[in-house]
Amino acid sequence: MSKAGQRVLSTLRQMIISGELAAGERIAEIPTAERLGVSRTPVRIAFRALEQEGLLIKLERRGYRVRQVTREEISGAVEVRGALEGLAARQAAENGLTEAQRQGLVECLAWGDELFDKGYVTEEDLEAYHDLNRRFHSIVIEASRNPAISSAMQRNEHMPFASVSSLAIDRTQLKQEYRRFNFAHMQHHAVFDAITRRQGARAESIMREHANATLRYAEIFNEKGMPDDCESLRVIGVEDL
């Protein structure tokens with residue numbers, strides 16, 4: 001997906017999270033493209049991706065409807081992802097990394113350090129983080145040498161916010177997002193340290209907690225707090241981290 005397409009996808013995901021696109025609301029390509037100031041192509045691609053993520057329902061006629069998503073659905077899917085990725089981290093530590101895997105993880109960490117060391121983030125930084133985050137998690141899963149983990153994660157990714165790629169960015173609160181994503185990046189460092197030290201139980205524990213970056217950390221790092229009636233969706237932020 002192009003950078004423009006990824007930005008549209010992230011924007012629509014955040015609009016669903018915040019309630020700007022309400023559950024049950026019908027949306028279509030042309031008005032959405034006009035609303036976002038983009039062409040129809042990235043909107044069409046984003047709609048399909050959001051349908052796969054379980055956030056949109058395709059209508060028999062043209063258009064989609066925003067799906068009602070409960071906190072229980074999200075919590076369950078994120079917990080499953082955490083268990084699977086925790087297992088992957090533990091097995092990666094037990095197996096040991098190949099030199100290529102080690103170098104790939106080091107590159108992800110260095111890339112993230114460059115993004116966060118300046119003390120703030122831009123929208124472009126967070127889009128870059130999406131790419132490095134996906135690569136980091138992919139390498140850890142590959143290093144587990146367990147194809148069953150990948151298969152199980154692919155099935156789980158059809159649940160809302162269960163995918164490593166399901167990043168939702170609040171572009172109006174970049175100070176908050178800096179704290180949240182920087183903390184998640186520090187967890188990447190900790191996971192890498194545990195894996196390279198062959199500390200399987202520690203690697204698993206950190207990676208399982210890392211999944212909570214999707215479910216709870218947006219609330220933790222939100223200085224202003226959120227209305228109680230919006231809590232069920234507004235606390236969702238990143239994924240996979």
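The values are calculated or read from the model by the stated rules, or taken from the named source; none is laboratory data. Bear in mind that the values here come from a model prediction, so they are computed numbers and not experimental data. Ideal geometry is used to build each Cβ from the backbone, glycine not excepted, and the neighbour counts take in all protein chains shown.
Observations, loosely collected:
- Residue list for the range 67-91, restricted to those being aliphatic (A, V, I, L, M) and either over 21 Å from the mean Cα position of the chain (by Cα) or not in a helix (DSSP H, G or I) (or both): Val69
- Residue count for the range 112-160 under the criterion of being touching a Cys at 6+ places or on another chain (Cβ under 6 Å) and either surrounded by fewer than 16 Cβ atoms within 10 Å (Cβ to Cβ) or under 30 Å from Val66 (Cα atoms) (or both): the result is 2.
- Some residue of the range 93-106 being farther than 27 Å from Met207 by Cα, exposed (fewer than 14 other Cβ atoms within 10 Å of the Cβ) and more than 16 Å from the chain's Cα centre (by Cα): no
- Once the range 142-156 is narrowed to residues that are charged (D, E, K, R) and in a helix (DSSP H, G or I), the residue that is modelled with the highest pLDDT is Glu142.
- For the range 108-122, residues that are within 25 Å of Glu142 (Cα to Cα) and touching a Lys or Arg at 6+ places or on another chain (Cβ under 8 Å) total 1.
- In this structure, Ile139 qualifies as of a type outside the set (Lys, Arg) and modelled with pLDDT of 90 or more.
- Within the range 73-109, the residues that satisfy the criterion of being acidic (Asp, Glu) and within 29 Å of Gly54 (Cα to Cα) are Glu73, Glu79, Glu85.
- Flag for Arg198 being in a loop (DSSP other than H, G, I, E, B) and modelled with pLDDT of 70 or more: yes
- Only listed residue being at pLDDT 95 or above and surrounded by 15 or more Cβ atoms within 10 Å (Cβ to Cβ), chosen from Leu56, Leu87: Leu87
- Qualifying residue in the range 122-141 (condition: of a type outside the set (Phe, Trp, Tyr) and farther than 24 Å from Lys3 by Cβ): yes
- Filter result for the condition that a residue is outside the structural domain of Asp170 (by TED's automatic domain parsing), more than 16 Å from the chain's Cα centre (by Cα), surrounded by fewer than 13 Cβ atoms within 10 Å (Cβ to Cβ) and of a type in the set (D, E, K, R), over Arg62, Arg44: Arg62
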